[in-house]
1. How do 271-281, 171-181, 113-123 rank on mean C-beta neighbours within 10 Å, highest first?
2. How big is the dipole moment of region 89-197 about its Cα centre under a simple scheme where the beta carbon of each Lys and Arg is +1, that of each Asp and Glu is -1, and everything else is neutral? Debye, nearest 20, please.
3. Using the per-residue mean of other Cβ atoms lying within 10 Å as a proxy for protection, in what order, highest first, do the peptides 252-264, 230-242, 50-62 fall?
4. Distance between the C-alpha centers of region 278-298 and region 180-198? Whole Å please.
5. Percentage of Cα-Cα pair distances in the chain greater than 27 Å, rounded to whole percent?
6. Once phi is turned into ³J(HN,Hα) by the Karplus curve 6.51 cos²θ - 1.76 cosθ + 1.60 with θ = phi - 60°, what whole-Hz value does each residue of region 239-249 show in order, with x for glycine and proline?
7. Dipole of region 109-203 (Lys/Arg Cβ +1, Asp/Glu Cβ -1, origin at the Cα centre): which of 164, 118, 144 lies farthest to the positive side?
8. I want the antiparallel fraction of DSSP beta bridges within the chain, as a percent rounded to 5.
Amino acid sequence: MKRTFAAAAFATGLLASLPALAQDKLSVMLDWFVNPDHAPLVVAQELGFFKEAGLEVELTAPADPNDPPKLVAAGRSDLAISYQPQLIVQVDEGLPLVRVGTLVSTPLNSVVVLRDGPIKTMKDLKGRKVGFSVGGFEDALLGAMLEKHGLSLKDVQLVNVNFSLSPSILSGQVDAVVGAFRNFELNQMEIEKHPGRAFYPEEEGVPPYDELIVVAHQDKTADPRIKRFLDAVERATLYILNHPEEAQAAFVKGRPELNDELNRRAWADTLPRFSHSPAALDAARYTRFAEFLKARGLIKAVQPVERYAVVVK
């Protein structure tokens, strides 16, 4: 009996003296600065879910929001947070990218106007100035929404407002903006005492799509780190849904700039939009949206879904 206890004590001491197992490093480029859209990633980091999955995850904000997918395509980042519309267009252009997971599974993009202004329906945009930040997809989205009401892009004046969406409406520079995220710009306008009204693409003739996705290089989809990463993100998402206050505290830990009124409101509005199963894929939904992009002239051909979106196993 004494020998058994002695052996057990020796084994325990030996294990304690061994160095901790190395974590597999994984680099993830965000689409923008850290904000509530990235909550599952930050919570997984803060609560140790990545670490328990054997990962040392580096979350990096880009200097240019257009860079993350390109860095993955060039092999300079393992994963990137991107957008489903952007992915399909970039794959059509030849970039070797594949969607491996979903972070936000509903559109966030919207057309926003002042609630107490003269624009009550999309039809009221005729002859008005509409601000935008990024041409291409936003033009196509707005065009489709207008067509449902018998209008076209020729019936509005497009103005590039360089990401200054809410300020351009509040200053009277434009009458509406396209590209406003419903979980941010609407809250920002409310805080400024000039509440907005949103028109949602998925209610105005645009097929629903995933707003934020996780993309990898097409040659790296078998990397076992990706599956562990997505499992940890799912675990964090469920934790956020079950414990929103504790999760929000973890999210803002060491980031006081994220604990202001705007980000607290955005946090609450974003929670129901996170994908509950980040690895899951609705192939038919992706095909419908690719067909929409082709019809709007943004891609040359609708490729098989498995070419640009997969379920990691």
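1. Going from most to least packed, we get 171-181, 271-281, 113-123.
2. 340 debye
3. Per-residue Cβ counts within 10 Å, averaged per peptide and sorted highest first, yield 230-242, 50-62, 252-264.
4. 28 Å
5. Taking all Cα-Cα pairs of the chain, the fraction more than 27 Å apart is 48 percent.
6. Values, residue by residue: 5, 4, 5, 7, 9, x, 5, 5, 5, 5, 5 Hz.
7. In region 109-203, that residue is 118.
8. Values: 20 of 35 bridges.
Antiparallel bridges make up about 55 percent of those DSSP assigns within the chain.
The values are calculated or read from the model by the stated rules, or taken from the named source; none is laboratory data. Being a predicted model, the structure only gives us computed values, none of them experimental. Cβ: placed from backbone, ideal geometry, glycine included. Neighbour counts: every protein chain shown. For accessibility, only protein heavy atoms count, side chains too; no ligands or nucleic acids. Shrake-Rupley method; radii C 1.70, N 1.55, O 1.52, S 1.80 Å.
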